[in-house]
1. Return the pairs, sorted by first residue and then second, in which the second residue is at pLDDT below 75 and in a loop (DSSP other than H, G, I, E, B), the first residue lies in the range 296-308 and is surrounded by 13 or more Cβ atoms within 10 Å (Cβ to Cβ), the beta carbons are less than 8 Å apart, and the residues are 6+ apart or on different chains.
2. Please enumerate the residues belonging to the range 91-111 that are modelled with pLDDT under 80 and either surrounded by 15 or more Cβ atoms within 10 Å (Cβ to Cβ) or in contact with a strand residue (DSSP E or B) (Cβ under 7 Å, 6 or more places away or on another chain) (or both).
3. Among all residue pairs at least 6 apart or on different chains, which show Cβ distances below 6 Å where the first residue, located in the range 361-381, is closer than 20 Å to residue 345 by Cα and the second is loosely packed, with under 14 Cβ neighbours inside 10 Å and at pLDDT below 90?
4. Filter the range 185-241 down to the residues that are in contact with a strand residue (DSSP E or B) (Cβ under 9 Å, 6 or more places away or on another chain) and under 28 Å from residue 17 (Cα atoms), then identify the one that is surrounded by the most Cβ atoms within 10 Å (Cβ to Cβ).
5. Can you tell me which residue is modelled with the highest pLDDT among those in the range 1-54 that are over 25 Å from the mean Cα position of the chain (by Cα), assigned to a loop (DSSP other than H, G, I, E, B) and surrounded by 14 or more Cβ atoms within 10 Å (Cβ to Cβ)?
6. Taking residue 409, is it surrounded by 15 or more Cβ atoms within 10 Å (Cβ to Cβ), under 25 Å from residue 195 (Cβ atoms) and in contact (Cβ under 8 Å) with a residue 40 or more places away in the chain?
7. With a cut-off of at least 2 residues that are modelled with pLDDT of 80 or more, name the helices (runs of 4 or more DSSP H) lying wholly within the range 201-304.
């Protein structure tokens, strides 16, 4: 990867794209340091310190924003409204015929879906800004304003508009990277936000090593050895695939012969990426998040449910793991249609050796896909449960969650592949040369 970056830096066109991407990232980080008015940051920081271990949705949003969410800055919402909008529109594409029709209309249809996604992101960002404002007002008690009722209403509008504008500024910066920079812009900003948390996490871990307890001097280095092994596993699983052999029948048209080739159909093991973890995390955080708005009665059923859904409870880990497997199957079933693949193979005179075309091919692809999906789901579950298991066994919270590592490594690999493909296109000789 370092060699790829060195070669890309030596290429003038790619060097401009790299510098432009770095400029956008710097602007994004500066925006994350601009405070929103009428907020007491000391009160907000102490309240978030209490929320960090609860496993609610605010902890998840704080990770996505690179700690901007806990600081109440202009870019507190970061990329989360756009990610939520993308997920919702992607799911609705398979549920609503008009959206499904647009997805099949090529580039023009894709532009219309992107426009719908941006409008959906606007609605989601306004709702999240309003919900965050209510949380800061009612739960965190972090608002500071005095004066008449009009002044209070004015401050409410300013806070919500600042959070909403910051969210759309993030989306605009991401689109600029996608158009003029390197790689996917939203993923790059998400990558930058997670990377920005690493120095503070490392300082915290070294703080544990300064304690008198000997176990910290052993467990903290062990934690970073596990991180290295986890990164190696993610790189391996990212490239792992099941190759289904495909044979094409020979056809003679005039004096020319077509087909008669043997190839394969690649089926990636980790096809869904980090999305099943995000779905499962959002679902598991609902009970603890509702606690911020609804106070449970002492000894009631809701209080017992909240205890089960605590981040450190064994039942939480089991349900979390099962939901990741379920959402992985659900997402891949929408993305990968064995019936469509079977029909495409039949139309192109292709077939799987030893498998008859039609229903037998569909059944074979479903069996292969089911096994591959299970392996990928167990991989995602292991990555997601690592911080929970490590904290339960050692009492040390993992600096970076498995989800953060998965996002960072996946974005780094995708960016490296993008640079390689652009260098290959630049040095590819045309047929006229």
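1. Between residues of the range 296-308 that are surrounded by 13 or more Cβ atoms within 10 Å (Cβ to Cβ) and residues that are at pLDDT below 75 and in a loop (DSSP other than H, G, I, E, B), the close pairs are 302/294; 302/296; 303/296; 306/291; 306/296.
2. Correct list: 91, 103.
3. 362/339
4. Going through the qualifying residues, I end up with 238.
5. Restricting to residues being over 25 Å from the mean Cα position of the chain (by Cα), assigned to a loop (DSSP other than H, G, I, E, B) and surrounded by 14 or more Cβ atoms within 10 Å (Cβ to Cβ), the top hit is 36.
6. Details: surrounded by 15 or more Cβ atoms within 10 Å (Cβ to Cβ): yes; under 25 Å from residue 195 (Cβ atoms): yes; in contact (Cβ under 8 Å) with a residue 40 or more places away in the chain: yes.
Answer is yes for this residue.
7. In the range 201-304, the matching helices (runs of 4 or more DSSP H) lie at 214-239, 275-284.
Listed here are the residues, each with its yes/no results for (1) closer than 27 Å to residue 5 by Cα; (2) surrounded by 20 or more Cβ atoms within 10 Å (Cβ to Cβ); (3) more than 20 Å from the chain's Cα centre (by Cα); (4) not assigned by TED's automatic domain parsing to the domain that holds residue 192.
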site: 359; (1), (2), (3), (4): no, no, yes, yes
site: 365; (1), (2), (3), (4): no, yes, yes, yes
site: 372; (1), (2), (3), (4): no, yes, yes, yes
site: 378; (1), (2), (3), (4): no, no, no, yes
site: 388; (1), (2), (3), (4): no, yes, no, yes
site: 395; (1), (2), (3), (4): no, no, yes, yes
site: 404; (1), (2), (3), (4): yes, yes, no, yes
site: 424; (1), (2), (3), (4): yes, no, yes, yes
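The values are calculated or read from the model by the stated rules, or taken from the named source; none is laboratory data. Bear in mind that the values here come from a model prediction, so they are computed numbers and not experimental data. Here the Cβ is made from the backbone with ideal geometry for all residues, glycine too, and neighbour counts use every protein chain on show.
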